Each structure stands twice: as C-alpha cells, then as structure tokens.
Amino acid sequence: MTERRAGRHRPARQSRKVWPIVAGAAVVCVAAGGTAWGLSRGGGDSTDGTHSTTASSLRTPATSPTTPVTSATTPTAPGTSSSSPSSRQTIAATTPSVTSTRSVELAKLTACRATIGAGQKLVAASDKNYADWSGHVYAQTDYDKGRISSEQAHAIWDRTKKAGPGDLSQYDTAKKAWDKADQKACTGLRSGAGASQQTVRKCSDRSAAMLDVLKKAEPVYAEWKGHQTQMTHTEEKSKDPDAYFTEWFGRVHNAEKPLAAYKKAQTAYRKTAACPST
C-alpha cells in the first residue's frame, strides 16, 4: 500500500521517508495556526516586546490618539442653555457698550437743547436790536422818499432811541450766556435712546438756522450801538451839524445790506420747527 501512495515518478526506496516529512510539515502548520489563533484572540503572553505590542494594538479601538474630544458631542440636558459661559460673557460684555453709545447720543441731544435755549435768548435780544436799528434807518429812507412825514419820522426816532440802551443791555447779557454755551453741541447728532430721527433732524435744523441769525446779528448790534453813542454827541450836533449828519447818512447807507441779511436769516429761522424739549 505504501508503494502505491507514493508518487509514480519517485523511486521505491524513498517512499519510507515521505511520511516523516509530511508529518513534520503537518505539525508545523498546526503549530503556526495555533499561534496565529492565539494572537488574534489577544492571548499572547510572550515576554517578547514585539508580540506584546502587536497584541495591544489589536485590542486598541481604531481611533486617532490625537483626536480631541469636544464638548459639542455631549448632549445638552433638557431645560438648560446650550451657550457656553464664554459666549454668555461675550454678550454681557457687549451690552454695556451698546447702552453706553445710546447714553452718549442722548447726552449730546440734551446738550444741544441747552445750547439752543441759550441761543434763543440771544436771538430774542437780536430781534429787538434789529427792530430798533431798522426802524431808525428806514424812518430816514422812507422820509427821503416821501413815504412818511417829518413828524412820523421823528416819532420813530424818539421811540427807538429810548428803547436802544435797554435792548443793547439785554443783548450783552444774553451774549455772555451764549459765549459760555457749547456752540457745537448740535453738530453730528444721531438718533438713539430718547432721540428719534425726527427729533434729531428738527434740533439740527433749528440750531443751524439759529447760528445763521446770530452771525448776521453781530453787525446790526455793532452799528446800532455805534449810533447810540453818536446820539450822545449833542454838542457836535449843535456846533457842527454837517459833520454829524454826514456821519449819520453814512451809517444809513452802510446799514442796508446787514439789515437785509439779518431779515433773511430771521425769516428762515422762524420757518424751522422748534427743537422738542423731550
């Protein structure tokens, strides 16, 4: 039987050595298979560093050791906020800034209202100076053109002359208060808390018109004050009437343009809406 199982081309004398070889190979295969099975089961107890490392790597899940575990993967408990403490701190930090900006805009509007209040008193005094000086000047031009009589002209001159000192004094007092006010307070106003866009526009327009009136009031005040001083020169009027009236007619001529400019600015100012107090 042994002779028949051996390969046909093998000599008969070698048939006896086949079995040990085959048996040895089988033993090696079985041992190798057992070793591989043991390693795959994680049962390698060898003290060899390579084997223990291999077994450990087989037992470790397939995740990167450098992959960070973030808090985003943690589910949020019901009824709790998902925002982090840092985000809540950021929101809290920006809230005072917004509130502060609104407070600044409201403070600017409050300052603007105070400035307009001081300016309105100076405008009222300027209007009186304009009425006095224009009445004095136009009484002369109207008389020259035959529009009024000499009696009417002298009545206007007497009335405005008497009112002059008090009106000039009122202007001086209002001017001192105006000089102390923040005359640029209404510049760059913006809407904010307590300041609507409509309110800001009204206050800005009122302030601009008021500043124009006050600018045009300065030469009117100066000319009227100058003539008030001239009218005290009674000795010159009686001794050198030509000099006196030459100066007077020169003042009348020079007053026409400043008076017209003030009247135009005054009309524009009166057409603007008042700045709301609240």
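Please treat every number below as a calculation from the coordinates, not as lab data. Values in this document were obtained by computation on a predicted structure and should not be read as measured data. Glycine gets a Cβ as well: all are built from the backbone with ideal geometry, and neighbour counts include every protein chain shown.
Excluding same-chain neighbours fewer than eight residues apart, the lysines reachable from K271 by a Cα-Cα span under 18 Å are K121, K202, K215, K216, K263. Residue-normalised convex hull volume from the C-alpha trace of region 100-192: 102 Å³ per residue. The distance linking region 233-262 with region 149-205 is 26 Å (Cα centroid to Cα centroid, whole angstrom). Which distance in nm do the two modelled labels at S238 and S277 give, with both placed 7 Å along the Cα-to-Cβ direction? Taking the two extended label points, one gets 5.3 nm. Size estimate for region 145-278 follows the Kirkwood approach: the inverse of mean 1/r over distinct Cα pairs works out to 18.0 Å.
Here's the list of aspartates and glutamates a cross-link from K128 could span, going by alpha-carbon distance under 12 Å and ignoring same-chain residues fewer than 8 apart: D167.
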